[in-house]
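> Sending over a structure as structure tokens; questions will come in a sec.
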Amino acid sequence: MSDDYVHIIPEEAGFVPEEKRQLDAIAYFRSIAPRASEVITSTSDDLKFIHCGGNFGKICCPSCGATIGLRLWQEWMNVDYGEKGFALTQHTLPCCAARHTLHELAYEWPQGFARWDLQAMNPDIDLSDVHRSRFEEILGCPVRIIYEHM
């Protein structure tokens, strides 16, 4: 059996919302996804890669739209990862020479890097722009929504 997760992460990779905001976001998520198996948050000292699992698709340059090869992306992931998580250094893209971090790349299914993550397991919901706006209001920051299929 497979599982689906919906992750809400701050758009700013290292941002961690205040505890009260986190609790309010959990309560809101539970109210809009009452069938979710669980709704939890996690906070780490280091940046973690929050991925989309089996939904993984192509990766593109956010400046020109060209596809970035998986091998190159994996090399950058290895270079950026260290004892303290991901450094998110800027890399020169081979397509147009623009410089971007791994977090800034255009992922076909959104993915990102975060210290804080709100996730719901099997929530049976696709979040709308209204939901996104409400999460942003509750958390006090822009958010990225990631749909993970395991």
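The values are calculated or read from the model by the stated rules, or taken from the named source; none is laboratory data. Keep in mind that this is a model prediction, so the values were computed, not measured. Positions of Cβ are backbone-derived with ideal geometry, glycine not excepted, and every protein chain shown enters the neighbour counts. Heads up: the accessible areas ignore ligands, DNA and RNA and are worked out on the full protein's heavy atoms, side chains in. Shrake-Rupley method; radii C 1.70, N 1.55, O 1.52, S 1.80 Å.
> Could you say whether any residue in segment 74-83 is within 23 Å of H149 (Cα to Cα) and open to solvent by less than 40 Å² (accessible area, probe 1.4 Å)?
Yes, because at least one residue in segment 74-83 is within 23 Å of H149 (Cα to Cα) and open to solvent by less than 40 Å² (accessible area, probe 1.4 Å).
> When you go through (1) of a type in the set (G, A, S); (2) on the phi > 0 side of the Ramachandran plot; (3) modelled with pLDDT of 95 or more; (4) under 16 Å from the mean Cα position of the chain (by Cα) one by one for G85, which number turns out not to apply?
(3)
> Among the residues of segment 10-37, which ones are open to solvent by 30 Å² or more (accessible area, probe 1.4 Å) and of a type in the set (A, V, I, L, M)? Write out each step before concluding.
Initial filter on segment 10-37 (open to solvent by 30 Å² or more (accessible area, probe 1.4 Å)): 11-12, 14-16, 18-21, 23-24, 27-28, 30-32, 34-35, 37.
Those that are open to solvent by 30 Å² or more (accessible area, probe 1.4 Å) and of a type in the set (A, V, I, L, M): V16, L23, A27, I32.
> Please go through (1) under 26 Å from Y28 (Cα atoms); (2) out of contact with any Cys (no Cβ under 9 Å at 6 or more places or on another chain); (3) open to solvent by 50 Å² or more (accessible area, probe 1.4 Å) for L118 and return the number of the only condition it doesn't satisfy.
Condition not satisfied by L118: (3).
> Within segment 127-134, identify whether any single residue is within 23 Å of R21 (Cα to Cα), of a type outside the set (K, R) and open to solvent by less than 20 Å² (accessible area, probe 1.4 Å), and answer yes or no.
Applying the first criterion (within 23 Å of R21 (Cα to Cα)) to segment 127-134 yields 127-134.
Now restrict to residues that are of a type outside the set (K, R): 127-131, 133.
Narrowing further to those that are open to solvent by less than 20 Å² (accessible area, probe 1.4 Å): none.
No.
> Further question: Could you tell me whether I40 is under 22 Å from E148 (Cα atoms), among the β-branched types (V, I, T) and surrounded by 18 or more Cβ atoms within 10 Å (Cβ to Cβ)? Before the answer, list the steps.
Values: under 22 Å from E148 (Cα atoms): yes; among the β-branched types (V, I, T): yes; surrounded by 18 or more Cβ atoms within 10 Å (Cβ to Cβ): no.
So I40 fails the test.
> While we're here: Give the residue that is farthest from the chain's Cα centre (by Cα), with candidates limited to residues of segment 57-73 that are under 23 Å from M150 (Cα atoms) and open to solvent by 70 Å² or more (accessible area, probe 1.4 Å).
R71
> Which one of these is within 16 Å of I146 (Cα to Cα) and touching a residue at least 60 places away in the same chain (Cβ under 8 Å): G54, G14?
Numbers: G14 fails: within 16 Å of I146 (Cα to Cα).
Exactly one of G54, G14 is within 16 Å of I146 (Cα to Cα) and touching a residue at least 60 places away in the same chain (Cβ under 8 Å), namely G54.
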